[in-house]
Amino acid sequence: MKDKYKSYLSRNQKFENIIYKKDGYKSVITINREKKLNCLNLETIRELTAAFKDSSWDDDIAVIILTGAGKRAFSSGADLDEQQKYFLNNPGDYYKWMYEFIQLHEVMRNTGKPSIARLNGMVVGGGNELNMSCDLAVAADHIIIKQVGAARGSVAAAGATQFLPIIVGDRRAREILFLCEDIPINKALEWGLVNQVVPYEKLDDAVNILAEKLFNKLPECLRYTKQQLNFWRDLSWHTTIGNARDWLSIHNLSSEVSEGISAFNEKRKINYKGIRKGKGKLKK
């Protein structure tokens, strides 16, 4: 490809929420919101999408690595402060936000190149959905993985409900999504949520070794293998994601979401009994 079309990005494009670097045949995309546990606001989602597209366009890039800044979090999912301020009370605007999150996952699965999730810290909610949209995952041994939707007023409908049954099996997927409990990393390894677990100080070495193994494979064969392997994920995704986008947009006006967000902001437990009695948002 001529140099003019080698990059998807414009020459003056700058990123504020991610760090995007190319190192030989590897691109490394880092969610750079460490103080906010690398949560995903709208601009971060758009920047991630652009970086994945650019990695796909660049013929020199063979492997894409996604990670988070620091040691505490890979990603803690959606930015609840932004959600509450701009999207949760307006179904139409949430519907637009959801489209951007959907597009990010579509791009990640369709780069035509293998991707590695470098799990440097906790992997929560939408952060785990990013993990699952990568092809392989290497994790530091101090982390946990967790879905939180049913405990916080949402549904993990943009990856987790579609992909977890394929990755870990139906009963384990139900356990993860219903109970919303921490999954220790050794359990995550046993269940197939990650491919490898190493001490944090050896994480980069392990990721680089895996990337080199992928580099030393035939790129066209890898690309088509990835396409074929995506079949069951794409089937589940494309038959559910449109409905999920609509339902989540409307559900944000419910008392369950109101109580979940209020409890989070007030640092208290959710009043599950009150919700079940139809009392809506309740004070402590």
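The values are calculated or read from the model by the stated rules, or taken from the named source; none is laboratory data. This is a predicted model, so every value here is computed, not measured. Counting neighbours? That spans all protein chains shown, and the Cβs are built from the backbone with ideal geometry, glycine included.
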Quiz item: Looking at Thr240, is it within 16 Å of Asp135 (Cβ to Cβ), among the polar types (S, T, N, Q) and out of contact with any Gly (no Cβ under 9 Å at 6 or more places or on another chain)?
Solution: no
Quiz item: Only one residue in Ser255, Ser249 is in contact with a Gly (Cβ under 7 Å, 6 or more places away or on another chain) and hydroxyl-bearing (Ser, Thr, Tyr), so which one is that?
Solution: Ser255
Exercise. Restricting attention to strands (runs of 3 or more DSSP E) lying wholly within region 124-233, give those where 2 or more residues are more than 24 Å from Lys113 (Cβ to Cβ) and not polar (S, T, N, Q).
Key: 144-146
Self-check item: Residues satisfying the stated conditions in region 48-75, i.e. out of contact with any Gly (no Cβ under 8 Å at 6 or more places or on another chain) and either assigned to a strand (DSSP E or B) or of a type in the set (A, V, I, L, M) (or both)
Solution: Leu48, Ala50, Ala51, Ile61, Ala62, Val63, Ile64, Ile65, Leu66, Thr67, Ala69
Self-check item: Qualifying residues in region 32-47 (those that are among the polar types (S, T, N, Q) and part of a loop (DSSP other than H, G, I, E, B)) - the one nearest to His105 (Cα to Cα)
Solution: Asn41
Quiz prompt | Gln84, sole failed condition from (1) touching a residue at least 60 places away in the same chain (Cβ under 8 Å); (2) crowded, with 19+ Cβ neighbours inside 10 Å; (3) among the polar types (S, T, N, Q) | solution = (2)
Quiz item: Which ones in region 19-40 are surrounded by fewer than 19 Cβ atoms within 10 Å (Cβ to Cβ) and either among the basic types (Lys, Arg) or under 13 Å from the mean Cα position of the chain (by Cα) (or both)?
Solution: Lys21, Lys22, Lys35, Lys36
Exercise. Specify the residue that is surrounded by the fewest Cβ atoms within 10 Å (Cβ to Cβ); the eligible residues are those in region 131-153 that are within 28 Å of Arg268 (Cα to Cα) and under 12 Å from the mean Cα position of the chain (by Cα).
Key: Lys146
Exercise. Can you work out which of the residues in region 234-284 that are in a helix (DSSP H, G or I), at pLDDT 80 or above and of a type in the set (S, T, N, Q) is nearest to Ala158 (Cα to Cα)?
Key: Thr240
Exercise. Confirm whether Gly77 is under 19 Å from Ala263 (Cβ atoms), of a type outside the set (Val, Ile, Thr) and buried (at least 24 other Cβ atoms within 10 Å of the Cβ).
Key: yes
Quiz item: For region 123-155, how many residues meet the condition of being of a type in the set (S, T, N, Q) and modelled with pLDDT under 95?
Solution: 1
